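The values are calculated or read from the model by the stated rules, or taken from the named source; none is laboratory data. This is a predicted model, so every value here is computed, not measured. Using ideal geometry, Cβ is built from the backbone for each residue, glycine included, and neighbour counts are taken over all protein chains shown.
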Amino acid sequence: MNTTSHTQQGEGRCLFLTQSGDHIYARWTCTGKPGEGCGGPFTVLGGTGRFSTMSGQGEMMMQSTVHEAEVKIPQGGATGSFSGKAQWSALKLTTK
């Protein structure tokens, strides 16, 4: 989050786990404004077991509340604790 320009951006990885142990993995990036949300592309990269040929993409919107943040200087890294929700309005998945 940039408190001067009132903007935010992020990126990360996502892992969906099933009770059987199979999973789907994806990556995402987003930009937005604090309090309004952060949106951008969500790309499914593959998976394991019955999801091994899974791929797909769609737009994602994430809204979160930062509960705790820690900035390490001079490394410039930041870690935090947050909760929130993600919404995929039109995620399209395919199998090969």
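Could you go through region 47-54 and let me know if any residue there is part of a strand (DSSP E or B) and modelled with pLDDT of 90 or more. For region 47-54, residues part of a strand (DSSP E or B) and modelled with pLDDT of 90 or more: present. Once region 55-71 is narrowed to residues that are more than 25 Å from Gly21 (Cα to Cα) and hydroxyl-bearing (Ser, Thr, Tyr), the residue that is modelled with the lowest pLDDT is Thr65.
Restricting the search to region 1-30, which residues are among the charged types (D, E, K, R), assigned to a strand (DSSP E or B) and surrounded by 15 or more Cβ atoms within 10 Å (Cβ to Cβ)? None - no residue of region 1-30 is among the charged types (D, E, K, R), assigned to a strand (DSSP E or B) and surrounded by 15 or more Cβ atoms within 10 Å (Cβ to Cβ), so the list stays empty.
If you take the residues in region 72-84 that are closer than 23 Å to Ile24 by Cα and surrounded by 10 or more Cβ atoms within 10 Å (Cβ to Cβ), which one is modelled with the lowest pLDDT? Of everything passing the filter in region 72-84, Phe82 is modelled with the lowest pLDDT.
In region 30-50, the residues that are on the phi > 0 side of the Ramachandran plot and aromatic (Phe, Trp, Tyr) form no Cβ pair under 9 Å with any partner that is surrounded by 18 or more Cβ atoms within 10 Å (Cβ to Cβ) and assigned to a strand (DSSP E or B), whether six or more places apart or across chains.
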